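Undergrad: Below is one structure. I have some questions about it.
The values are calculated or read from the model by the stated rules, or taken from the named source; none is laboratory data. What you see is a predicted model; the values in this text were computed from it and never measured. With ideal geometry, Cβ positions are generated from the backbone for all residues, glycine too; neighbour counts draw on all protein chains shown.
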């Protein structure tokens, strides 16, 4: 898409006007080397001379890590003594384990805006950092960088722009660089070589490789001279297992040329612009500043003598419409009031614009005359209405050449070198030590001990025959027995019987020394046997194993800090590069740990709903200042079971939700789990409600049953009361009858008894 490519080429263009001029002298076709190329070649020769010894140490460490650990002379001596050049490579698994600890997980990033206005967009830069890491295959590059860090003492990462990527929109990438291809100022003392006068990347490439790297310079490449000169050192170590290294590759079938990219820091004059009325704050180079001065602006003069200024595009557009309709002078009028037909009350219409000044207009609002004056931002700068400060700003310039031919000079939008070192043991020079360099003697010692043990075992098991000289055919005996290690030694029987001495056993201390050397290697690298999966010395309990593993990672966490500082420096360079190249609308898609895809849009145009004119951008990443840092410990492994237990306790305490718990598991379909969990919870709630309803109905039934029993009892009581009343009536009647009968008997008895003396007796 040409519109994108053209814009990128303009933004990434080289600033020196004479950079492609060729100075010619002598006969036809004779051309003098450009001064920038000449300087690159001279710097390269100087830096190369100073780092030769370190480069050889780097190469030897690489070979040691791969199992090439005996010199040619040592192999010859061992074979002369009947010993085999045994290699017990303890370095390789230790380096792999240490590397795995630092790259176990993908790094996570967070971003912060340096100013309040940048905070809303800072989250977008965290997504951009993750996007850059994904499209660059950052995990694999980081593993290679850390491998070089442990083995050679130095790993390099490179941040670069590819204007051809993403259909011409451009993209920013990161990659590893082979340390022996990088040449640094020997006088540098800074960890990140910020004080280096130059940093060079020098390598031989075929034309096919170069065309992919330098797509726009085919003619220059093909006109350059060929080269087969290697810049890699040689060592005395002898490869025994077919090991092949980069410097061993000798391709004689393809043309190769020498390419140099020289990075150097330059100081440029820049212009810091601040608009008090709008808060616009930006820094431009000279070309951008001249373009800014030429931009249109409008001065608004009010009747009271005050002035305001309009510089933003949407404001200029609106005022432009007013000028086109009414002219550059307007005033406000107040129309006569009208009567509302429904209420009958007077209505005062809002003020309206009128062309010209308020003089002669009876309906004009006093003091409302406004004069619009077209001007430029440059005139506002000259009148000190816009503040401009001239500053000096550092930038990185890259000069790319092939052979003696200049390809381009380009200025990067960053002030730090895009070649970022990951330094192991920094010696205040560009030639650090590595773990392999330091502990190489221990590995040599282990090899010698093991070679001695095997040679002794082989010697001890040899069958040796002592026979009188001339008694048998020596050759025949050796051939017929045909056993490995069998030897026939003749002696003169007349001289006497030989004394046969048996093999001397190796002392146990020798085996202990090998074990101690192995432990010392692991201790030096900060990797113990439990971290490599050995269970012999593991505690009996799970918590004990977890505790030892945590303690063992303290050394690795110190290395982790080195990696995190390295990533922070890398994105310090990447942010301005991304701001320069990401100026068009773009949608980035990030795959989340749970497998879901999240989309983020940048530079989304914002249009006026009436005019359909672009008035701004949503998530404009080209402005602002941002800091991207890796989340501490995000690349390190953690005991997921112990961590999950902690998270479960926090979940049960109500401190976190189930989503955070699921993040600490290996469940892939977290969304499905959450949906199913929500459904189960809903069903459980419905079941609980049904159970409550059943419980209530049971209570009502029990109440009804109790009331029924009480009713039956009341009925029985009433029946009993009724029977009781009937019985009481019967008893009463019987009592009355009995009393009547008793009274009759008493009366009868009184009549039958005659009183004595004519009177009744008492």
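Undergrad: Scan the range 121-168 for residues that are without any contact (Cβ under 8 Å) to a residue 24 or more places away in the chain and either under 13 Å from the mean Cα position of the chain (by Cα) or part of a helix (DSSP H, G or I) (or both) and jot them down.
TA: Across the range 121-168, the qualifying residues are 123, 137, 140.
Undergrad: Can you name every one of the strands (runs of 3 or more DSSP E) wholly within the range 363-433 that holds 2 or more residues which are under 30 Å from residue 180 (Cβ atoms)?
TA: Values: elements: 370-376, 387-402, 405-412, 419-423.
Fully inside the range 363-433 and qualifying: 387-402, 405-412, 419-423.
Undergrad: Condition first: out of contact with any strand residue (DSSP E or B) (no Cβ under 8 Å at 6 or more places or on another chain) and either under 23 Å from residue 279 (Cβ atoms) or not assigned by TED's automatic domain parsing to the domain that holds residue 305 (or both). Now tell me which residues in the range 337-387 satisfy that.
TA: 378, 382, 383, 384
Undergrad: Can you spot a residue in the range 623-632 that is farther than 23 Å from residue 108 by Cα, at pLDDT below 80 and loosely packed, with under 14 Cβ neighbours inside 10 Å?
TA: Checking the range 623-632: at least one residue is farther than 23 Å from residue 108 by Cα, at pLDDT below 80 and loosely packed, with under 14 Cβ neighbours inside 10 Å.
Undergrad: Considering only residues that are within 13 Å of residue 138 (Cβ to Cβ) and surrounded by 20 or more Cβ atoms within 10 Å (Cβ to Cβ), which ones fall in the range 159-179? Break it down stepwise before answering.
TA: So the first thing to find is which residues in the range 159-179 are within 13 Å of residue 138 (Cβ to Cβ), and the list is 159, 172-176.
Passing the criteria: 159, 172, 174, 176.
Undergrad: Same structure, new question: For the range 426-440, which residues satisfy the criterion of being more than 16 Å from residue 59 (Cα to Cα) and surrounded by fewer than 17 Cβ atoms within 10 Å (Cβ to Cβ)?
TA: Within the range 426-440, 427, 428, 429 meet the criteria.
Undergrad: If residue 353 meets every condition in (1) modelled with pLDDT of 90 or more; (2) in a strand (DSSP E or B) apart from one, which number is that one?
TA: (1)
Undergrad: Now for a different question. In this structure, does residue 207 turn out to be surrounded by fewer than 19 Cβ atoms within 10 Å (Cβ to Cβ), touching a helix residue (DSSP H, G or I) at 6+ places or on another chain (Cβ under 8 Å) and farther than 19 Å from residue 52 by Cα?
TA: Here the answer is yes, as residue 207 does meet what is asked.
Undergrad: Return yes or no: is residue 494 touching a strand residue (DSSP E or B) at 6+ places or on another chain (Cβ under 8 Å) and modelled with pLDDT under 80? I'd like the intermediate steps shown before the answer.
TA: On the way: touching a strand residue (DSSP E or B) at 6+ places or on another chain (Cβ under 8 Å): no; modelled with pLDDT under 80: yes.
It is false that residue 494 is touching a strand residue (DSSP E or B) at 6+ places or on another chain (Cβ under 8 Å) and modelled with pLDDT under 80.
Undergrad: Identify all residues within the range 556-592 that are outside any helix (DSSP H, G or I) and over 24 Å from residue 624 (Cβ atoms); write none if there are none. First the steps, then the outcome.
TA: Just the residues of the range 556-592 that are outside any helix (DSSP H, G or I), to begin with: 582-592.
591, 592 - these are the residues of the range 556-592 that are outside any helix (DSSP H, G or I) and over 24 Å from residue 624 (Cβ atoms).
Undergrad: Tell me which helices (runs of 4 or more DSSP H) are completely within the range 1-120 and hold 3 or more residues being at pLDDT 85 or above and within 30 Å of residue 201 (Cβ to Cβ), or say none if there are none.
TA: Details: elements: 2-11, 35-50, 52-65, 72-80, 91-102.
Counting at least 3 such residues, we get 35-50, 52-65, 91-102.
Undergrad: Just to be sure I understand, how many residues within the range 253-281 are in contact with a strand residue (DSSP E or B) (Cβ under 8 Å, 6 or more places away or on another chain) and surrounded by fewer than 13 Cβ atoms within 10 Å (Cβ to Cβ)?
TA: 5
Undergrad: Regarding the range 384-407, can at least one residue be identified that is without any contact (Cβ under 8 Å) to a residue 40 or more places away in the chain, surrounded by fewer than 18 Cβ atoms within 10 Å (Cβ to Cβ) and farther than 30 Å from residue 88 by Cβ? Steps first, please.
TA: In the first step, residues of the range 384-407 are kept if they are without any contact (Cβ under 8 Å) to a residue 40 or more places away in the chain; the result is 384.
Those still in the list that are surrounded by fewer than 18 Cβ atoms within 10 Å (Cβ to Cβ) too: 384.
Then drop every residue that is not farther than 30 Å from residue 88 by Cβ, which leaves 384.
Scanning the range 384-407, I find at least one residue that is without any contact (Cβ under 8 Å) to a residue 40 or more places away in the chain, surrounded by fewer than 18 Cβ atoms within 10 Å (Cβ to Cβ) and farther than 30 Å from residue 88 by Cβ, so the answer is yes.
Undergrad: With the condition kept exactly as written, say whether any residue in the range 606-617 is farther than 25 Å from residue 282 by Cα, under 27 Å from the mean Cα position of the chain (by Cα) and modelled with pLDDT under 75.
TA: no
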